[in-house]
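To keep things clear, I will list the structure first and then write my remarks on it.
The values are calculated or read from the model by the stated rules, or taken from the named source; none is laboratory data. Note that the structure is a prediction, hence the values are computed from the model and not measured. Cβ sites come from the backbone with ideal geometry, for glycine too, and all protein chains shown count toward neighbours.
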Amino acid sequence: MPPINKIMNFRSDNEAPINLQILEAINEANQGFEESYGYDQYSEQFTTQCQQLFQAWCEVLPLTTGTAANSIAMALSCPPYGAILCHEDAHLNRDECGAPEFYTAGAKIIPLSGKHGKIDINQLANFLANSGVHGEHESMPATISLTQCTESGTVYSLEELKAIKAIKEQYGLALHMDGARFANALSTLQCSPAAATWQAGIDLLSFGATKNGAMMAEALIVFNTKYTQQIKRLRKRAGHLISKMRFVSAQLVRYLENDLWLNMAAHANSQAQLFKNKTQGKVKLLYPVDANEVFCQLPMALIESLQQQGFKFHIWPGYNDVIRLVFSHATQQSDTEQLINAVTQYEQ
Ligand SMILES: Cc1ncc(COP(=O)(O)O)c(C=O)c1O
């Protein structure tokens, strides 16, 4: 019987345990000595795997945090006097304590709005059409960053990505994808990794694995040689050249093997769908449930009752009666079912 604080947890996929196969991969990599700073067999293997997976050349940096991946991506694509356009809720705008500004030596983040956590495409086009009118007084847009899945748990469709690609090409900008939950998005899109990234105009991808079963393992994947200059020095200057990188890379190698990453994401997404389908009419959803997160508005008394029954979740900042439920690779279906029962059996 797991301890009470380990179950019925819908707070965050960051709180989920490590997948046992990935843990085993760390153990297997722990055989004797191995070259340091990324010149180990696992780091090389992971790069090869990424090139096969994405069917393209790419430069790959294993990293330990998503903030580092996003911030190095910004430093590679946006000069200090440039601007980064993203959704106002984007992690790099709200939750990285100025790291992208710091790593770029002062680039300006320009937040845009948009429904369901997605950049409003008309607003983006309008903003760019009117950029430059203030001459050298203005930071010129250099990078568009979008989050896939978004901070609202939604997924940009391939059509939406195509529209953003057309805009980025029109203005010659870099396009970055914060893929902290890329596996969940891909599982929803049901397309190839190539179609969801470089074929959709993505130049730089923050490829997350930590939320989906790894332990401190992320990667920055760059598809466009225009944005790889001094990439290794930038990583070092950022303090992210990991001496024992083999233990990060060994996780990433195992993560991709036998579709482990996609299977884990599919499980997480299926639990969110189960919750959504079985509670229809009982909860008010704030956003479409596209992947592994559900944002819902509930009576305050029900929220309190769920807390008393031991369910863990976040009350969403800015609201009293909105909760975020995150389903992960480790969510037990019995926990999801208990939550569904608690919600559906509630009488006002
Ligand atoms: C959308 C998104 N991007 C990036 C991150 C990466 O964050 P960290 O630096 O904590 O690994 C997170 C973590 O919650 C996230 O939700």
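Here are some notes:
- Wholly within the stretch 86-192, helices (runs of 4 or more DSSP H) carrying at least 3 residues that are surrounded by fewer than 21 Cβ atoms within 10 Å (Cβ to Cβ) and more than 16 Å from the ligand (Cβ to nearest atom): 121-129, 158-171
- For the stretch 308-345, the set of residues classified as more than 23 Å from Ser152 (Cβ to Cβ) and either among the aliphatic types (A, V, I, L, M) or exposed (fewer than 15 other Cβ atoms within 10 Å of the Cβ) (or both) consists of Gln308, Gln309, Gly310, Gln332, Gln333, Ser334, Glu337, Asn341, Ala342, Thr344, Gln345, listed by residue number.
- Pro62 being touching a Leu at 6+ places or on another chain (Cβ under 8 Å), assigned by TED's automatic domain parsing to the domain that holds Met216 and not hydrophobic (A, V, I, L, M, F, W, C): yes
- Scanning the stretch 36-63 for residues that are within 17 Å of Ile22 (Cα to Cα) and within 16 Å of the ligand (Cβ to nearest atom), we see that the one that is surrounded by the most Cβ atoms within 10 Å (Cβ to Cβ) is Pro62.
- Leading residue by the ranking (surrounded by the most Cβ atoms within 10 Å (Cβ to Cβ)) among those in the stretch 64-85 that are more than 13 Å from the ligand (Cβ to nearest atom) and farther than 22 Å from Asp120 by Cβ: Leu76
- Any hit, the stretch 212-221, residues being without any contact (Cβ under 8 Å) to a residue 24 or more places away in the chain and on the phi < 0 side of the Ramachandran plot: no
- If the condition is being within 16 Å of the ligand (Cβ to nearest atom), in a helix (DSSP H, G or I) and over 14 Å from Ile22 (Cβ atoms), then the stretch 202-235 contributes only Arg235.
- Of all residues in the stretch 67-82 being in contact with a helix residue (DSSP H, G or I) (Cβ under 7 Å, 6 or more places away or on another chain) and not hydrophobic (A, V, I, L, M, F, W, C), the one that is farthest from Asp95 (Cα to Cα): Ser77
- Any hit, the stretch 240-261, residues being more than 23 Å from Thr65 (Cα to Cα), surrounded by fewer than 19 Cβ atoms within 10 Å (Cβ to Cβ) and not aromatic (Phe, Trp, Tyr): yes
- Filter result (in contact with a Lys or Arg (Cβ under 7 Å, 6 or more places away or on another chain) and among the small types (Gly, Ala, Ser)) within the stretch 167-190: Ala180
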